[in-house]
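What follows is one structure encoded as structure tokens, with my remarks underneath.
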Amino acid sequence: MTSNHEELINKFYTAFQKLDYKGMVSCYADDIVFYDPVFGLLRANEVRCMWEMLCKNAKDFSLKYSNIKNLDEEYSTCEWEATYTFSKTGKKVVNKITANMRFENGQIAEHSDAFSLHKWSSQAMGFMGWLLGWNRFFQRKIQNGARKNLTRFMENQQKDVSA
């Protein structure tokens, strides 16, 4: 069973390398729960829309992943590194991330990405990110901005569907 987890992780990150959000979200359970330091806690359709938004807006994107480990029958982890241009500032970001995933019924049921928000904001926002990226208020401002962008994206998706 654990080799199926590895296959699913490979499928997810191979799709991500191609910015194929449909391939990525096909690996997820319908009620997927996701967490990372930028978006915070997301559920189900929010998760699917986040990946769609990120893939559609990616600039100069590349991704490497490695070190897949099956921790037990339910949990696996891997490391991945995304390199891209942050659209808001035009700055290059190299983000090193540890993913933790819980599997259920042959799909990813929970996915959390761990990385330093301070390191990320230092790269994405330059001096201000370096200076303030450790600060909870500043981190909350980053999260609120990311959530606002996701909400706007989801609202535009609804308009496109109903048009």
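The values are calculated or read from the model by the stated rules, or taken from the named source; none is laboratory data. In this text, all values refer to a predicted model and were calculated from it rather than measured experimentally. Glycine gets a Cβ as well: all are built from the backbone with ideal geometry, and neighbour counts include every protein chain shown. What goes into the accessible areas is simple: the full protein's heavy atoms, side chains included, and nothing from ligands, DNA or RNA. Shrake-Rupley method; radii C 1.70, N 1.55, O 1.52, S 1.80 Å.
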Estimated FRET transfer efficiency when R0 is 30 angstrom, pair Gln107-Thr151 (beta carbons, to 0.05)
0.70
Subset of Lys11/Lys59; Lys69/Lys119; Lys11/Lys64 violating a 19 Å alpha-carbon distance limit
Lys11/Lys59; Lys69/Lys119
Let's test the formula: R0 of 30 Å, r as the Cβ-Cβ distance of Glu81 and Lys159. What FRET efficiency results, to the nearest 0.05?
0.30
Cross-link partners among aspartates and glutamates for Lys141, C-alpha distance below 15 Å, same-chain residues fewer than 8 apart left out?
Asp36
Over the stretch 1-150, with every protein chain in place, what whole percent of the accessible area is carbon and sulfur at 1.4 Å, could you tell me?
51
Taking all protein chains together and a probe of 1.4 Å, list Tyr65, Tyr13 from the most accessible to the least accessible.
Tyr65, Tyr13
Give the aspartates and glutamates reachable from Lys91 as a straight Cα distance under 18 Å; neighbours fewer than 8 places away on the same chain don't count.
Asp60, Glu81
Loop-located GluC sites (Glu not before Pro) in the stretch 11-82 whose Cβ has at most 16 other Cβ within 10 Å (DSSP):
Glu73, Glu74
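Under a 1.4 Å probe, what is the accessible area of the chain per residue, stated in Å²?
57
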Hey, which lysines would be in cross-link range of Lys159, C-alpha to C-alpha under 18 Å, not counting anything within fewer than 8 residues on its own chain?
Lys56, Lys148
Over the alpha-carbon set of the chain, divide Rg by the Kirkwood Rh and report the Rg/Rh ratio to two decimals.
0.97
Quick check on the chain: helices-only [θ] at 222 nm, where DSSP H runs of length 4 and up contribute -39,500 (n - 2.57) each and the sum goes over total residues. Nearest 500, please.
-14500 deg cm²/dmol
Of the residues Gly133, Asn105, Ala82, the Cα lying farthest along the dipole of the chain towards its positive end, which is defined by charges on the beta carbon of Lys, Arg, Asp and Glu, belongs to Gly133
Rounded to the nearest Å, the spacing of the alpha-carbon centers of the stretch 1-54 and the stretch 120-163 is 19
Pairwise label distance in nanometres, Met128 with Leu41, each label 7 Å out on the Cα-Cβ vector:
3.0
With every protein chain kept in the model, how would you rank His118, His111 by accessible area, 1.4 Å probe, largest at the top?
His118, His111
